[in-house]
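J.: Here it is, the structure, as structure tokens.
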Amino acid sequence: MITARYLIKRTFNALAAFVIAVVFIFIIPRLMPGSPTDQFASQYRLPAPVVAELKTRFGLDKPIETQFVLYVKNVLLTFPPDFGLSYNFYPATVWSLLVYALPWTIFLLGVSSILTAILGVALGMISAWYRGSKLEAFISSSSMFMLSVPFFWVAMILVLIFGVFLRWFPFSGAVSPSAVYRGFSISFLLDALYHAILPILTLTIGSFASYTLIMKDNMMATLSEDYILTAEAKGVRKEDIMVKHAARNAVLPVMTLFVLRVGFMVGGSILTETVFSYPGIGLLLYNAVTGLDYPLIQGAFFVLAFTVILSTLVADVLYTILDPRIRY
């Protein structure tokens with residue numbers, strides 16, 4: 001049972017973790033070799049006065065302590081957070097770029113997370129029910145293999161098969177380049193879904209294994225409980241035992257895992273969006289890192305950190321709500 005004290009404590013811990021993450025978000029880009037102005041100077045052969053002007057305009061001529069104070073003030077004390085102007089997409093603001101990219105990533109992760117949970121739970125239930133069989137061995141070994149496979153490898157295989165050889169699905173962009181849409185419409189939604197099929201399959205295939213193995217272990221433990229044996233002795237149908245009794249009690253940790261995975265799947269979306277040139281936060285972060293775009297890196301990592309920390313907090317609270325045996 002959740003209490004106000006527990007909720008306040010977990011919220012405080014989440015806020016503390018978020019503040020620490022914000023500090024590291026400022027530090028990490030500046031540990032990368034080179035600087036944005038040096039990169040511009042070498043790429044475009046800019047003279048020294050122009051480079052000095054760029055440093056002034058980007059605020060890179062200020063002491064690092066002053067940059068940090070301004071960064072914290074603009075990020076934590078401003079709503080929406082002011083990350084400044086993007087270096088590579090100048091004069092666009094980082095916030096405008098994030099607002100455009102975030103819905104695409106949410107769409108991608110939302111659909112893939114639901115499919116991943118359904119597929120993983122179903123395979124875990126089947127694997128546990130037919131434990132000791134060849135089917136269970138195949139599902140378990142396949143899941144273990146998929147846990148070791150990186151997202152970009154799955155993405156490239158899907159591109160090669162369904163994009164290049166069969167030409168069933170597009171493997172670049174979020175909508176057709178020649179299409180012109182005026183606001184949200186059914187045709188826009190269908191086009192976006194058509195372009196998202198391969199990225200969604202990539203995230204689903206690369207993530208379902210953890211659900212499968214956890215659900216299988218929980219189901220096997222639940223199937224050995226006394227109330228399951230009693231139900232079997234009473235002649236309850238196997239399907240009812242599996243779904244209504246065993247699965248209902250074994251799915252609790254999977255629900256917690258689902259909330260956590262929604263946050264951590266963002267890491268997989270970075271590689272997936274890069275391979276498919278999908279205009280989400282992942283591709284935005286990739287372009288920011290390769291271009292040493294400090295404000296954009298900070299903005300993208302801010303979104304990732306916020307997502308992971310929030311999903312962890314929601315998982316903690318959800319666990320206490322779903323399991324009444326837990327007391328804090």
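J.: Which residue pairs have Cβ atoms under 7 Å apart, sit 6 or more places apart or on different chains, and have a first residue in region 46-61 that is more than 17 Å from T93 (Cβ to Cβ) and a second that is among the β-branched types (V, I, T)?
T.: Cβ pairs passing all conditions: V51/T37; L54/T37; K55/T37; L60/T37.
J.: Which of the following residues is modelled with pLDDT of 80 or more and out of contact with any helix residue (DSSP H, G or I) (no Cβ under 6 Å at 6 or more places or on another chain): A192, A221, A209?
T.: So the residue among A192, A221, A209 that is modelled with pLDDT of 80 or more and out of contact with any helix residue (DSSP H, G or I) (no Cβ under 6 Å at 6 or more places or on another chain) is A192.
J.: Please list, ordered by first then second residue, the pairs with beta carbon atoms under 6 Å, 6 or more apart or interchain, first in region 107-135 and under 17 Å from K238 (Cα atoms) and at pLDDT below 90, second buried (at least 17 other Cβ atoms within 10 Å of the Cβ) and among the basic types (K, R).
T.: Listed pairs, sorted by first residue: G124/K216; S127/K216; A128/K216.
J.: Would you mention how many residues in region 172-202 are assigned to a loop (DSSP other than H, G, I, E, B) and among the charged types (D, E, K, R)?
T.: 1
J.: Additional query: Anything in region 94-117 that is touching a Pro at 6+ places or on another chain (Cβ under 6 Å) and farther than 21 Å from F184 by Cβ? List them, or say none.
T.: Hits for region 94-117 are V94, W95.
J.: When you scan region 284-306, how many residues do you find that are more than 14 Å from I25 (Cα to Cα), out of contact with any Ser or Thr (no Cβ under 8 Å at 6 or more places or on another chain) and surrounded by fewer than 24 Cβ atoms within 10 Å (Cβ to Cβ)?
T.: 3
J.: While we're here: Go through (1) in contact with a Ser or Thr (Cβ under 9 Å, 6 or more places away or on another chain); (2) under 29 Å from V289 (Cβ atoms); (3) surrounded by 15 or more Cβ atoms within 10 Å (Cβ to Cβ) one by one and return the number of the condition S140 breaks.
T.: (2)
J.: Quick one: would you say F58 is modelled with pLDDT under 85, more than 24 Å from the chain's Cα centre (by Cα), within 27 Å of L271 (Cα to Cα) and surrounded by 16 or more Cβ atoms within 10 Å (Cβ to Cβ)?
T.: Here the answer is no, as F58 does not meet what is asked.
J.: Oh, and also: Could you please find all residues in region 1-22 being aliphatic (A, V, I, L, M) and either touching a His at 6+ places or on another chain (Cβ under 7 Å) or assigned to a helix (DSSP H, G or I) (or both)?
T.: Residues satisfying the conditions are A4, L7, I8, A14, L15, A16, A17, V19, I20, A21, V22.
J.: Can you say whether L46 is crowded, with 17+ Cβ neighbours inside 10 Å, over 28 Å from R261 (Cβ atoms) and among the aliphatic types (A, V, I, L, M), as far as the supplied structure shows?
T.: no
J.: Still on this structure, I have one more. Within region 105-136, track down each residue that is within 19 Å of the chain's Cα centre (by Cα), farther than 16 Å from A288 by Cβ and not aliphatic (A, V, I, L, M).
T.: Matches in region 105-136: F107, G110, S112, S113, T116, G120.
J.: Here's another thing I want to ask about it. Where residues in region 95-122 are buried (at least 22 other Cβ atoms within 10 Å of the Cβ) and not β-branched (V, I, T), which of them is nearest to I297 (Cα to Cα)?
T.: The residue in question is L97.
Per-residue answers, yes or no, for (1) in contact with a Leu (Cβ under 7 Å, 6 or more places away or on another chain); (2) in contact (Cβ under 8 Å) with a residue 24 or more places away in the chain; (3) exposed (fewer than 11 other Cβ atoms within 10 Å of the Cβ); (4) more than 26 Å from Y286 (Cα to Cα):
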{"site": "K9", "(1), (2), (3), (4)": "no, no, no, yes"}
{"site": "V22", "(1), (2), (3), (4)": "yes, yes, no, no"}
{"site": "P29", "(1), (2), (3), (4)": "no, yes, no, no"}
{"site": "Y71", "(1), (2), (3), (4)": "no, yes, no, no"}
{"site": "L85", "(1), (2), (3), (4)": "no, yes, no, no"}
{"site": "T93", "(1), (2), (3), (4)": "yes, no, no, no"}
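J.: Quick check on this structure: which one of I205, I161 is in a helix (DSSP H, G or I), under 23 Å from L119 (Cβ atoms), out of contact with any Pro (no Cβ under 9 Å at 6 or more places or on another chain) and without any contact (Cβ under 8 Å) to a residue 40 or more places away in the chain?
T.: I161
J.: Look at region 208-231 and say how many of its residues are loosely packed, with under 14 Cβ neighbours inside 10 Å and assigned to a helix (DSSP H, G or I).
T.: Residues meeting the conditions: 5.
The values are calculated or read from the model by the stated rules, or taken from the named source; none is laboratory data. Not measured: the values here are computed from a predicted model. Reconstructed Cβ throughout: ideal geometry from the backbone, glycine too, with neighbour counts over all protein chains shown.
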